[in-house]
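The values are calculated or read from the model by the stated rules, or taken from the named source; none is laboratory data. All figures in this text were calculated on a predicted structure; none of them were measured in a lab. Using ideal geometry, Cβ is built from the backbone for each residue, glycine included, and neighbour counts are taken over all protein chains shown. Remember, those area values only see protein heavy atoms, side chains included, never the ligands or the DNA or RNA. Shrake-Rupley method; radii C 1.70, N 1.55, O 1.52, S 1.80 Å.
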Amino acid sequence: MDLISTTEQLASACTRLASHPVITVDTEFLRETTYYPLLCVVQMASRDEAVVVDTLAPGIDLKPFFDLMANENVLKVFHAARQDIEIVWHRAGIVPHPIFDTQVAAMVLGYGDSIAYDQLVERITGHRPDKTHRFTDWSRRPLTDEQLHYAVSDVTHLRDVFAALDADLKQRGRSDWVSEEMEVLTSPKTYDFHPESAWERLKTRVRKPKELAVLMEVAAWREQEAQTRDVPRSRVLKDDALGDIATHAPTSLERLANLRSLPKGFDRSKWGSEIVAAVQRGLARDPQTLPKIDKPRNNSNGGAIVELLKVLLRMTSERHAVAAKVIATVDDLEQIACDDKAEVGALRGWRRELFGEAALALKHGQLALAIEKGRVIHVDRG
């Protein structure tokens, strides 16, 4: 194992790694007090070596690492890759490609929903990784020998996990299933996040166009503020406060002060005036330009259909050894219950073949569920 702390060392290591068709990659970062993740360590391994990169070393230029991430001739293997990719996107404006996410592959192969790395390693290799340093402060220097050992073990065990999962996928004919998921993970749209779209991440339900317009403006304000100050969104304003503001639409500091969800004295800060201005912008928006608000789904009959679809989903998951989460979400099921042509993943590609067609057949009475010898089965009703 080599600890890399200079640009020259990094360039040399990346040149060696680039000669291999597959490498494993992991990162250590901090995000508890910032909007953007602080990249502290990068670890990589080929079949011949493992390296740990001190990304906070004075004067180090990470360009060789970013070039390697963009090298189309090298498959980059991650576990739960989304945050690692987000870091590369933020720092370099590129998305690593091609990639393989062992967590996604594990779900496709029936290891459960979003299985943790240490659990996956133990199930495949029998080795139990030491996770003592999972929550260590990776920004402190110098790095200890224990931290370096932990960092290296993450990518060396990942080699064995990848080899086992890749072989299993090929044997079961499911490699293309994972490839479809990688297309989403490697799409710049997944990481190119604009303040104008911040409201879409919120679980806050709005019922009126006016409320939606205010929510969109206030959420965009919070996102810009969090980015500018480089602090978590919740440090600026919590989600429930955004929903409260959208519902009451305070157009003055006095009305803003009456909202219980805001910290005491918030109305007297500079942010109070900015929120009132955002509310006023929202109220001035043309309702015709707003996204359509989803109407509450009819739970009288649709709810029963969704419950049946959940049973079918679980049965399909167990029968084919695929995590239910990767086949369909509850939102998918709710949309299918209302619309045969719903724009959901469960009605496209391999998911439609595995589950979607049966879901529609069940919905229309062409398929029935029954219990046989203690197991749920489906019966074709023609």
**Prompt:** Taking amide H positions as placed 1.01 Å from N in the peptide plane, with prolines and chain starts having none, which residues 5 or more places from LEU369, or on another chain, fall under 5 Å of its amide H?
**Reply:** VAL379
**Request:** Under 19 Å Cα to Cα from LYS264, which lysines show up? Leave out anything in the same chain fewer than 8 places away.
**Result:** LYS238
**Asked** So what's the projected area for the range 280-382, the Cα convex hull averaged over all directions, in nm²?
**Response** 9.0
**Asked** Amide H to amide H, which residues 5 or more places from VAL77 or on other chains are under 5 Å from it, using H placed in the peptide plane?
**Response** ILE23, THR24, VAL25, PHE100
**Prompt:** Between the range 81-160 and the range 333-382, how many Å separate their Cα centres?
**Reply:** 35
**Prompt:** Rounded to a whole number, what % of the accessible area of the range 23-180 do carbon and sulfur atoms account for, probe 1.4 Å?
**Reply:** 47
**Asked** Could you give the accessible area per residue of the chain, probe 1.4 Å, as a whole number in Å²?
**Response** 53
**Message:** Given a 10 angstrom Cα cut-off, can you work out which residue in ASP340, ASP286, ASP61 is the most mobile in a GNM of the chain?
**Reply:** ASP286
**Message:** Around ASP67, under 14 Å between beta carbons, what's the net of Lys plus Arg minus Asp minus Glu among the other residues?
**Reply:** +2
**Complete:** For the pair ASP67 and ILE94, the simple spin-label estimate (label points 7 Å beyond Cα toward Cβ) gives in nm 0.9
**Request:** Please work out which option in (i) 1.01; (ii) 1.16; (iii) 0.95 gives Cα Rg over 2.2 N^0.38 Å calculated from these coordinates, and answer with its label.
**Result:** (ii)
**Rg [Å, one decimal], Dmax [Å, integer] - the range 7-190, C-alpha atoms** = 15.8, 48
**Asked** Carbon and sulfur atoms: what percent of the 1.4 Å accessible area of the range 210-274 do they account for?
**Response** 45
**the range 268-279 - phi-based ³J(HN,Hα) in whole Hz, Karplus 6.51/-1.76/1.60, Gly and Pro as x** = 8, 7, 5, 6, x, 5, 5, 5, 4, 5, 5, 4
**Restricting the range 27-108 to GluC sites (Glu not before Pro) in coil, as DSSP defines it, with at most 11 other Cβ within 10 Å** = GLU32, GLU72
**Fraction of accessible area attributable to carbon and sulfur, the range 301-380 (%, probe 1.4 Å)** = 50
**Prompt:** Just how far, in whole angstrom, is the range 1-32 from the range 212-265 if you go by their alpha carbon centroids?
**Reply:** 41
**Fill in**
Computed about the Cα centre, the charge dipole of the range 195-289 from +1 Lys/Arg and -1 Asp/Glu charges at the Cβ has a magnitude in debye, to the nearest 20, of 280
**Complete:** Between CYS40 and residues 5 or more places away or on another chain, the pairs with built amide H atoms under 5 Å apart involve GLU28, PHE29, LEU30
**Charged-residue dipole, Cβ positions (Lys, Arg, Asp, Glu), the chain about Cα centre, Debye nearest 20** = 1460
**Message:** Given a 10 angstrom Cα cut-off, can you work out which residue in PHE162, PHE266, PHE78 is the most mobile in a GNM of the chain?
**Reply:** PHE266
**Message:** Which residue fluctuates most in the GNM of the chain (Cα springs below 10 Å): GLU225, GLU254, GLU307?
**Reply:** GLU254
